[in-house]
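Everything below concerns the one structure shown next.
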């Protein structure tokens, strides 16, 4: 009898111990989204991830096929202060860096950026390609290590139009939370940007994003001893470094993003995040997947906390919804954009040289 009572007592203790452990797990469950309001886009993302990671779901996706792609500028890095980081960098390189004497074509392109930023002058048609060619020329001859340091030195400057933030810190906190959430749910995410690949690599290394998960604009590289000889005919020595050239390979925008994803990842993404028309091809490629897939567009509609055009953003939001994308509103969906202590201010500009 005593033995039976002892067994029952141990069983009851085990049940309570199990309940306590389960309750603790629930209490300690990670809150992935402290920077988000409860919103339609976040609900859609969580429902999607829950569904495709459930082995019992007909939409289950194996971990090796859980691929997500993210544009950079305007999707998780601020781009309206007052324009793309790589545009700001070229403007500085050509017009303000006393150590560099820019060719006239590069100075002209940089001046067009400056006129756009400071005076609102429209950029010429197809300026993306003009900038890409100028940028290739402006950084030619730099080793990859020199270029990385150049990018990070500029990125350490205070972000124009804000108090309490450098360019290197200008990440959208809510989207960084999405990175963590996806990674913990077995997704591999890639940065797929129109900006220079090596600029992107330098900016995101503080986030722990590995270089092989960054796709961007590319220029041809060569070694310091290679000269004009083709790489297929030249054997690099151990003492040599890799340097940038002025030969543009690809501007990674629109359908070029899809082609680069296909070449470098080799799988169709099942999640895609962007903020502009330059990301639509990437989104459409994602939505063509044989797996259940989803695409998200962020609209810059918060004029109080960021430099934005709400009227334009709302028009784009309607356009993206009609295209079948989920829309993320910076104003309505984000509790914070850049984090505590960051305030929007007026832009300031030194006298032009």
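The values are calculated or read from the model by the stated rules, or taken from the named source; none is laboratory data. All of these numbers come straight from a predicted model, not from anything done at the bench. Here the Cβ positions follow ideal geometry from the backbone for every residue, glycine too, while neighbour counts run over all protein chains shown.
For this structure, a couple of remarks:
- Some residue of segment 218-238 being under 30 Å from residue 350 (Cβ atoms) and either modelled with pLDDT of 95 or more or more than 13 Å from the chain's Cα centre (by Cα) (or both): yes
- Every residue from segment 92-106 that is assigned to a helix (DSSP H, G or I) and touching a residue at least 60 places away in the same chain (Cβ under 8 Å): 92, 95
- For residue 80: the one exception among (1) within 24 Å of residue 169 (Cβ to Cβ); (2) without any contact (Cβ under 8 Å) to a residue 12 or more places away in the chain: (2)
- Test: residue in segment 107-121 that is out of contact with any helix residue (DSSP H, G or I) (no Cβ under 9 Å at 6 or more places or on another chain), within 25 Å of residue 254 (Cα to Cα) and at pLDDT 95 or above: no
- In the set (1) over 30 Å from residue 269 (Cβ atoms); (2) surrounded by fewer than 16 Cβ atoms within 10 Å (Cβ to Cβ); (3) free of Cβ contacts under 8 Å to residues at least 60 places away in the same chain, residue 205 fails one condition alone, (1).
- Flag not set for residue 109, criterion: in a helix (DSSP H, G or I), over 27 Å from residue 70 (Cβ atoms), touching a strand residue (DSSP E or B) at 6+ places or on another chain (Cβ under 7 Å) and in contact (Cβ under 8 Å) with a residue 24 or more places away in the chain.
- Residues of segment 242-255 include at least one that is within 23 Å of residue 145 (Cβ to Cβ), without any contact (Cβ under 8 Å) to a residue 40 or more places away in the chain and more than 19 Å from the chain's Cα centre (by Cα).
- Test result for residue 192, within 30 Å of residue 47 (Cα to Cα), touching a residue at least 60 places away in the same chain (Cβ under 8 Å) and part of a strand (DSSP E or B): yes
- Residue 115 meets the conditions (1) farther than 24 Å from residue 308 by Cα; (2) in a helix (DSSP H, G or I) in every case but one. The failed one is (1).
- Screening residue 220 with (1) surrounded by fewer than 19 Cβ atoms within 10 Å (Cβ to Cβ); (2) in a strand (DSSP E or B); (3) in contact with a helix residue (DSSP H, G or I) (Cβ under 8 Å, 6 or more places away or on another chain) gives one miss only, at (3).
- Condition check for residue 253: out of contact with any strand residue (DSSP E or B) (no Cβ under 7 Å at 6 or more places or on another chain) and at pLDDT 95 or above: no
- Any hit, segment 120-135, residues being surrounded by 20 or more Cβ atoms within 10 Å (Cβ to Cβ) and touching a strand residue (DSSP E or B) at 6+ places or on another chain (Cβ under 7 Å): yes
- Filter result (in contact (Cβ under 8 Å) with a residue 60 or more places away in the chain, assigned to a loop (DSSP other than H, G, I, E, B) and within 19 Å of residue 336 (Cα to Cα)) within segment 38-53: 39
- Looking at 181, 167, 172, just one residue is modelled with pLDDT of 95 or more, surrounded by 21 or more Cβ atoms within 10 Å (Cβ to Cβ), more than 13 Å from the chain's Cα centre (by Cα) and farther than 25 Å from residue 249 by Cα, and that residue is 167.
- Taking (1) modelled with pLDDT of 95 or more; (2) under 27 Å from residue 279 (Cα atoms); (3) surrounded by fewer than 20 Cβ atoms within 10 Å (Cβ to Cβ) in turn, residue 82 satisfies each apart from (1).
- Unique match (being in contact with a strand residue (DSSP E or B) (Cβ under 9 Å, 6 or more places away or on another chain) and more than 23 Å from residue 195 (Cα to Cα)) among 227, 237: 237
- Of the strands (runs of 3 or more DSSP E) lying entirely inside segment 234-353, none contains at least 2 residues that are out of contact with any helix residue (DSSP H, G or I) (no Cβ under 8 Å at 6 or more places or on another chain) and surrounded by 15 or more Cβ atoms within 10 Å (Cβ to Cβ).
- Boolean, residue 139 is closer than 15 Å to residue 246 by Cβ and surrounded by 16 or more Cβ atoms within 10 Å (Cβ to Cβ): yes
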